[in-house]
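Quick notes on the structure that follows.
Quick note: the coordinates plus some simple rules give every number you see, no bench work behind them. Being a predicted model, the structure only gives us computed values, none of them experimental. Reconstructed Cβ throughout: ideal geometry from the backbone, glycine too, with neighbour counts over all protein chains shown.
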Amino acid sequence: MTPIIRTYLLLLGVLISASLQAAPTNVVFVMSDDQGYGDLGCTGNPIIKTPNIDQLASVSSGLSDYHVAPTCSPTRCSLLTGHWTNRTGVWHTIMGRSMLRENEITIGQMFADAGYETGMFGKWHLGDNYPYRAEDRGFTEVFRHGGGGVGQTPDLWDNAYFDGSYFHNGKVEPAKGFCTDVFFSRANEFISKCAREQKPFLAYIATNAPHGPLHCPPEYSAMYEGQSANIASFYGMITNVDDNVGKTRRLIEDLGIADNTIFVFTTDNGTASGAKVFNAGMRGAKGSPYDGGHRVPFFLHWPAGGITKQHDVDVLTHAVDIVPTLLEMTGVKKPAGVKFDGVSIAGLLDPAKDVDFPERFVISDSQRVRDPIKWRSSSVMSQKYRLINGKELYDIAVDPGQQNDVAKQQPAVVAEMRQFYEDWWAELKPTFAQTTEIYLGHPEHRVVSLTAHDWIQDVYPPWHQGSIRQADRKHPKSEKLAHQGHWAVKVIRDGKYQVSLRRWPVESGAAINDALPAGANVPGAAQAFRTAEGNAIGATHAVLRIDEEDVDRKSIEHDAAEVSFVVDLKQGSYRLAPWFEIEEGELGAYYVVVTQLD
C-alpha cells in the first residue's frame, strides 16, 4: 500500500468516525398508564409476565427512587415540560384543568426546532382543542385518542379498546385491532420511515393501557387463569404492552439504529389495580400522597452513551428532571428564557460516572379539584424523608412502607420541609388564576368542538361516554336542576359565531331527544362505556348562556340534531354555558360546536 493510499484511508476513517459521532441521537419514550412500580417482574412481582421490559431493565440504568404525579395529566405535563405540574395549569384530569397552558414549551417543540421528526402516539390528555393538542405543541406526526382514555367524552363516539377510530394529525381515521397494538404499530411505522430517510426522531408512545375500563385480547387475560377477572385483564394489558415494547426494540435493532437510540420505559402514576397482589412494599396506590401513588419504574438504555448494563440509581429523582436530561444527552438546545424546575440527571444515569448529586426536596401532589388547595394530598420528599400533607413524617430509609409517623420526634425536619413547600406554593400560587381558555376564531381552528369533559365546575362533569349516555339528572334539594359548569373560551377575532348545541356528538347522527341502544361490549373484565343505554332527555328548549346571562332561547324541533345560535362576539374571554331545558330544570349541552362564520 502506497503512503498516499494509506493517508487517504486514514483520513477517510477519521471522517467516517467524526460523522458517526456527530449523528443525532434518536429517542423512543414509552409510558404506560396506571401501571405501578410493582407491576413488573423485574421489580419483584411474582405473577406478572413482563419478559421484554425485564430484559430492558437488565441492560439499562434504572431509577429506583423516581417520582411523578399520582394521576395522569399532571405527570404528562411535568414530563413534557420539565415544570412542576401546578405551574403548567394541569392539576386535574378533567374540568378544564387538564389543558397544558399555551405558554409552555414541550419537548416535542424543542426537538422539532432542532430538526427532529417528532411523533406522539396514544394518550395525550393535555387538551383536545387548539392550542392544546399534541399537533399544536411541536409533534409533527400524531395518532391519538381523545381525552384521557378510549371512550372518554372527548374521544370519538362509541370508541372502545378494539377497532376504534382515532385522530391522525387532526383528521379522524379508523383502525383495526386492540388500541395498544394500534398505537405501537403507528409508532413503528413512524420510526421505520425516519430510519429509511435518515432523519433523527423523537417517538413518544403513551398507551392508555392498563387504565380502565379493563379490556384486553383474550389470549392475554388467559395467561392469568386463577386470578380475579380484574387482575387477569389488568395484567394481560400490561403483558400486551410488554410484547409491544419487545417488538419495537427488535425493530430498532433490525433498522440498524439501536446504538444511537435512547430507549426509555416508564409509567405515569402508581398502580390502579395491582396493589392488592404486589406493591413492592409501598403504601398507597394511584392518587395517594404515599409512595405507592407516585413512585414508578424508569429504565433508560443507550448503547452509544455507554448505558448497556443494569445500573441502579437510588437517588431521589422526579419527572421534572427528564426534559433537561434528554436535552443534555442528545445535545438539543434549551429554548432561550426557559427555566426548568428539574435538573439533568444524565450523570447519574451514566454508570461510568461517580456523581456527587446534591441533596434537594421535590414535591408530588394530587389536587383533582377545580382550584388548587394548599397541602392537599401532598408529599414533600427528600432522600431520607417524606412529609405527607404537611403533617405526617416518614423516615423512608428505614420505613419504606410509611407506617411509623416520626413527625413529633423530628420537628426540625418537619419545619424545614414545610418551609420548602410554603416557598414553593407562594411562587406558584399567582399562576393558578391563569385559566386555560379554548380559542375561538383562530384561523387554524375555525370549527371548535367542545365537550362536557372540560366544563369548569365544582363537581365532576360527565367525563366518559357512559355518563353521557346515562344523562344523570339527579339534583340537589333545590326544586330544579341548575347547570353550574362553563367552558372558558377566548375569542381571537371579532365576528359572527355559530354556536350549535347538541345532546349527542356530531358523528353519532342522533337527534337531541333520541334514546340510543346500548352498544356492543369488547373482551375484558369491564363493560365498555358504550354498553350503557342512551337515555332520552325530553328537552323542550335550548338556551345560549354567556357570562351568566341567557342571551337567546329557541324551542327544539322534532328530530333536530342540534340547535344553532348566531352571535356577535368581540375579542376577549368568555364563560360559555349553553343548556337544554328539561323537566328537571337545566341540563348542560354535553357537546357544542362553535363555528366562525366570517
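What the table shows:
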{"read-out": "Using a Förster distance of 45 Å, the FRET efficiency for Ala536-Lys171 (Cβ separation, nearest 0.05)", "value": "0.90"}
{"read-out": "Order of Ile53, Ile363 under a 10 Å beta carbon neighbour criterion, fewest first", "value": "Ile363, Ile53"}
{"read-out": "DSSP beta bridges in the chain [antiparallel fraction, %, rounded to 5]", "value": "70 percent"}
{"read-out": "Part-to-part distance (alpha-carbon centres) for segment 363-421 and segment 184-233, which is given in Å", "value": "35 Å"}
{"read-out": "Exposure proxy ranking, count of Cβ atoms within 10 Å, fewest first, for Arg370, Arg76", "value": "Arg370, Arg76"}
{"read-out": "For segment 128-211: rounded, prolate or oblate by the Cα gyration tensor [a/c cutoff 1.5]", "value": "oblate"}
{"read-out": "Lysines whose Cα lies under 27 Å from that of Lys480, excluding same-chain neighbours fewer than 8 positions away", "value": "Lys554"}
{"read-out": "Gain in span if fully extended, Ala23 to Ala433, counting 0.36 nm per residue against the direct Cα distance", "value": "143.2 nm"}
{"read-out": "Mean Kyte hydropathy of 1.0 or more with a Cα span along the axis of at least 27 Å, helices from DSSP in the chain", "value": "3-22"}
{"read-out": "Separation of alpha-carbon centers, segment 61-87 and segment 246-264, rounded to whole Å", "value": "25 Å"}
{"read-out": "Candidate lysines for bridging to Lys171, where Cα separation is under 26 Å - those fewer than 8 sequence places away on the same chain excluded", "value": "Lys123, Lys193, Lys199, Lys490, Lys496"}
{"read-out": "Förster radius 22 Å - calculated FRET efficiency between Ser228 and Ala518 (Cβ-Cβ, nearest 0.05)", "value": "0.30"}
{"read-out": "Cα centroid separation, segment 495-522 to segment 268-302 (Å)", "value": "38 Å"}
{"read-out": "Which of Cys42, Cys179, Cys194 has the fewest Cβ neighbours within 10 Å, and the rest in rising order", "value": "Cys42, Cys194, Cys179"}
{"read-out": "Segment Lys339-Val459, extension gain: residue separation times 0.36 nm, minus the distance between their alpha carbons", "value": "39.8 nm"}
